[in-house]
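In what follows, a single structure is set out as C-alpha cells and then discussed.
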Amino acid sequence: MPDFARLAPMTTARRQFVELNHVVRAGMVTYPGLPAPTVTPHLTREASRAVYGPGTEFAMDVISMIGNTGTYLDAPYHRFGDGIDLAGLPLERLVDLPALVVPLVTQRVADAALLATALGELDVAGAAVLLHSADDARFGTPEYALEAAFLTRDGAEWLVERRAALVGIDAINIDDTSDPLRPAHTVLLRAGIPVVEHLTGLQRLPSRGARFTAVPPRVAEFGTFPVRAFAVVDVA
C-alpha cells in the first residue's frame, strides 16, 4: 500500500489555510460560451508498465483549456498588447498580500462611494482588495451570469489611486458584462494591477487580517491563466 502520509495536510495552532479557488475539472463551464477543458491521456498507467521497471507506473495526461477557466488571473497583457504578461508579473503583486474583503451581498455594484465607505479608513496600498458578492454559490449554473456583481470605472479608479496590489471578485467578471468597453479591466490592467475572477469561499475570511496569494504559471505572451488562490488566516 503506498505511503501518502507525507501528503497529509499540515496543521498548526496559529494558521489556517483557506482555499479560494474552484477545482478545474474536464467539462466544467466557467463563462457561458467559452470552451470547457478537456483531459486526455498521453500515457496511461497500463501502457506505462511496459516502459518502466517492474512495479513502476505513471500517468501522463494532456489538458486543453482556455486561460479563462475556473478561478483565473488576468495580467495586463490580457487587455493590452504591450502590457506585462503572465511571465512578467512581479511576485510582490501576487503573494502574501494583506486581504481587504468588501461585502457586495446587499449592494451589487462596487463603486467609489461604496469602497470609500468600506475601506476609507484603511491603507489600501499593497493590499488585495477582494469583492465578496456570494455569486460563487451559482458558479456553473446559468444563473451565475444573471444580475452579477461588478466593479465600476470610478471604483477601479479609486483603487488605482490608492495603489491596491491586486483586485479579486467571486463573480463572473470584474466588469458589468453588458458594457463592451470593460472599464474596470481597462483601468486596473493599465495600472498594472492584476485581476482575479471567479473566486470562491470569501465568506470564510475575516474582513481584515488574512493574507492572500494567487500565482499563475510563468507563460510568455499569455494574459490569463487559472490560479490556486488561497488565504492564510491567523487563529487563536
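The values are calculated or read from the model by the stated rules, or taken from the named source; none is laboratory data. Just so we're clear, the structure is a prediction, and the values are computed from it rather than from any experiment. Heads up, the Cβs are rebuilt from the backbone with ideal geometry, glycines too, and the neighbour counts pull from every protein chain shown. To get the accessible areas, we keep the full protein, side chains included, count just its heavy atoms, and leave off ligands, DNA and RNA. Shrake-Rupley method; radii C 1.70, N 1.55, O 1.52, S 1.80 Å.
Taking the 1.4 Å solvent-accessible surface of the chain as the whole, the part contributed by carbon and sulfur is 56%.
Once C-alpha pairs closer than 8 Å and six or more residues apart are averaged by separation and normalised to the residue number of the range 168-236, the relative contact order reads 28 percent. For the range 1-153, the ratio of Cα radius of gyration to the globular rule of thumb 2.2 N^0.38 Å stands at 1.41. Dividing the summed -39500 (n - 2.57) terms of all DSSP H runs of n ≥ 4 by the residue count of the chain sets its mean residue ellipticity at 222 nm at -3000 deg cm²/dmol. Once you sort the root eigenvalues of the Cα gyration tensor of the range 92-236 as a ≥ b ≥ c, which label holds: rounded (a/c under 1.5), prolate (a/b larger than b/c) or oblate (the other case)? Verdict is rounded for the range 92-236. Remark: the chain carries 54 Å² of accessible area per residue (probe radius 1.4 Å; ligands, DNA and RNA excluded).
For the range 31-138, the dipole from Cβ point charges (+1 on Lys and Arg, -1 on Asp and Glu) about the Cα centre works out to 340 debye, to the nearest 20.
Computed from label points 7 Å out along Cα-Cβ, the spacing between Arg15 and Ala47 is 4.1 nm. Please find the FRET efficiency linking Met28 to Leu146, where r is the Cβ-Cβ separation and R0 is fixed at 22 Å, and quote it to the nearest 0.05. Once rounded, the FRET efficiency stands at 0.70.
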